[in-house]
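Some notes on the structure that comes next.
No lab work stands behind these numbers, since they all come straight from the coordinates. Bear in mind the structure is a predicted one, so any value in this text is a computation, not a measurement. Positions of Cβ are backbone-derived with ideal geometry, glycine not excepted, and every protein chain shown enters the neighbour counts.
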Amino acid sequence: MFASDQIFNKIKLMNRIIGIRHEDKYAMERRVAITPAHVEKLIRDCNLEFLVEESDKRIFKGEEYQNAGAILTDDLSKAPVIFGVKEMPISFFEEHKTYVFFSHVIKGQSYNMPMLKEMMKKKCNLIEYEKIVDEQGRRLIFFGKYAGLAGMINSLWSLGQRLKVKGVDTPFIILKQAHQYHSLEEAKKDIASVGNEIAMHGLPEEVCPLTIGVTGYGNVSKGAQEIIELLPVDKIEPEELIELNRKNEYSENLVYYTIFKEEHLSVPVSSENSFELQHYYDHPGLYKNDFEKYVPHISVLMNCMYWDDRYPRILTKEYLEVLFKAETPKLIVIGDVTCDPDGSIECTHIGTEIEDPVFVYDPLKREPKMGFEGNGVLVMSVDILPSELPRESSISFGDALFEYIENIAITDYSLSFNELTLKEPIKKALILHKGELTPEFEYIKEYL
């Protein structure tokens, strides 16, 4: 018997053991993929074992996992399958093991190619949460809604703080950053209180009409809208947004918000063609930005949609420079929930940390300055927003993941790719199998 076969046989004997690692990429990353309640059910109903790395910051305490039947440890070497949330250090990977986490490699992200190379070298299996989808390609397991919830809470908090710096007092000043609330419900109560104040006493003339533009209509956008709807709102169409400002017919006791879809963001380069969604997806290079006509009418821009560099940017540095040269613009806050550095919102140069979440971008100097002060537009670009609501987001995520956990744990990964007994959504998300890129992900080779 070859040595590699012995390793695989050993793994087969151990494959009812699951490891849960502590998160170390960010100081404020407190989420987990599998909560103590899920662990308890899986131990009881599926005869699985859990090894849980100790963590002082995790939202669920070690005692909760112990009470659920897990073993607390600082050594996951006995676990052939390991679940995490964010990227794992290169030194963490062991030969032939299976890792499940948000790897951020599917766009060929250069900063994670060394990690992927190491996993390939160690002949690891990699399952990517982001690619666990149904037959229609819809994601089944996600934190996205909670990114939208936390992102909108943070953006309204940022609005109050930024306006205060500008000498304008608004009801938003009572709000806190999302992670400072004990729960999502507590945050919602505060926002509803702000809404009551606006409905009763209105907003200052300097900020009226207060308008919120939301790009996208998926889970992230739905989370943001859930928070917006706690305010006294009037949901209007994009063209109505322009007319609202032109006609000067609005109420100081309302907040106006608009959802922008693909057809509002881009138009065909050729004026002879009309916008077709599938054509846009298939040939994004044949489209150009059309969103700029709406920007002068937006107070708070919430960027909640998927983007990659094949598509036109939503907001460029060049346009912001033109906008700020011409006048004092209406745009006060950008909540870049998508958070692609130098991406769809070009002035988002970094994903900010929870402890230092905002910066002011000066379009004329093309320079960012951390904090609430400075000339320009304030950008909130925290890139682990769901960790600001760690308990609720972990429970929701674990609920969606639960039905796949046993299958991931007990699968014999020594088999060929075609023979794997993984459930179809999980098999679709298998980026590496025994260190090799699986057929759907062979395109990543060009980035290596």
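For K164, the aspartates and glutamates whose Cα falls under 13 Å of its own Cα, not counting residues fewer than eight places away in the same chain, are E206, E373.
Once C-alpha pairs closer than 8 Å and six or more residues apart are averaged by separation and normalised to the residue number of the chain, the relative contact order reads 19 percent. Per residue, the convex hull spanned by the alpha carbons of the range 326-448 comes to 175 Å³. For q = 0.16 Å⁻¹, what log10 I(q)/I(0) does the range 144-388 give under the Debye formula with an equal point scatterer on each alpha carbon and no solvent? Taken in order of the listed q values, log10 I(q)/I(0) reads -1.18. Exposure proxy shown here: for H22, H433, H279, the number of other Cβ atoms within 10 Å sets the order, fewest to most, as H279, H22, H433. Converting phi to 3J(HN,Hα) with the Karplus coefficients 6.51, -1.76 and 1.60 and the offset θ = phi - 60°, the range 54-68 yields 5, 8, 7, 9, 3, 5, 9, 6, x, 4, 5, 5, 4, 5, 7 Hz in sequence order, with x at every glycine or proline. Dimensions of the range 307-354 along the principal axes, based on C-alpha atoms and rounded to the nearest Å, stand at 29, 29, 13, largest first.
Cβ crowding within 10 Å, taken as a proxy for footprinting-reagent exposure, orders V377, V300 from fewest neighbours to most as V377, V300. Residues whose amide H falls under 5 Å from that of E367, counting only those 5 or more places apart or on a different chain, are D362, with hydrogens built in the peptide plane.
A Förster radius of 45 Å, combined with the Cβ-Cβ distance separating L415 from N67, puts the computed FRET efficiency at roughly 0.80. In order along the range 17-29, the phi-based Karplus estimate (6.51 cos²θ - 1.76 cosθ + 1.60, θ = phi - 60°) of 3J(HN,Hα) comes to 9, 10, x, 10, 8, 7, 9, 10, 6, 10, 4, 9, 7 Hz; Gly and Pro are listed as x. Each peptide in 99-108, 350-359 gets a packing score, the mean of other Cβ atoms within 10 Å over its residues, and the list from highest to lowest is 99-108, 350-359. Comparing Q180, A27, T438 along the charge dipole axis of the chain, the residue lying farthest to the positive side is T438, per the Cβ-charge model. Pairs over the 30 Å Cα-Cα cut-off, from the set K122/K145; K222/K423; K122/K428; K189/K427: K122/K145; K189/K427. Compared with the direct C-alpha span, the chain from N248 to S110 gains 44.9 nm at full extension, assuming 0.36 nm per residue.
Helical content alone sets the calculated 222 nm signal of the chain at -10000 deg cm²/dmol, taking -39,500 (n - 2.57) per DSSP H segment of four or more residues and averaging over every residue.
Residues W157, W307, arranged from fewest to most other Cβ atoms within 10 angstrom of their Cβ, appear as W307, W157. Expressed as a whole percent, how much of the Cα-Cα distance distribution for the range 80-143 exceeds 21 Å? Summing the P(r) of the range 80-143 above 21 Å gives 23 percent of all pairs. Considering only I90, P386, L210, and ranking their Cα positions along the charge dipole of the chain that arises from unit charges at the beta-carbon of Lys, Arg, Asp and Glu, the one farthest toward the positive end is I90.
Close amide H partners of T352, meaning residues 5 or more places away or on another chain with modelled amide H under 5 Å apart, are S381, V382, D383.
Subtracting the Cα-Cα distance of R391 and Q278 from 0.36 nm times their residue separation leaves 36.9 nm of extension gain.
With the biggest extent put first, the Cα atoms of the range 177-314 measure 49, 39, 18 Å across the principal axes. Note on the range 70-117: Cα-only Rg and Dmax are 11.9, 36 Å.
Counting 0.36 nm for each residue step from A27 to K325 and taking away their Cα separation leaves a gain of 103.4 nm.
The coefficient of translational diffusion for the range 269-391, derived via Stokes-Einstein from the alpha carbon Kirkwood radius under 4 °C and 1.567 mPa s, stands at 84 µm²/s.
Computed from the C-alpha gyration tensor, the three semi-axes of the ellipsoid equivalent to the chain are 43, 26, 18 Å, from longest to shortest.
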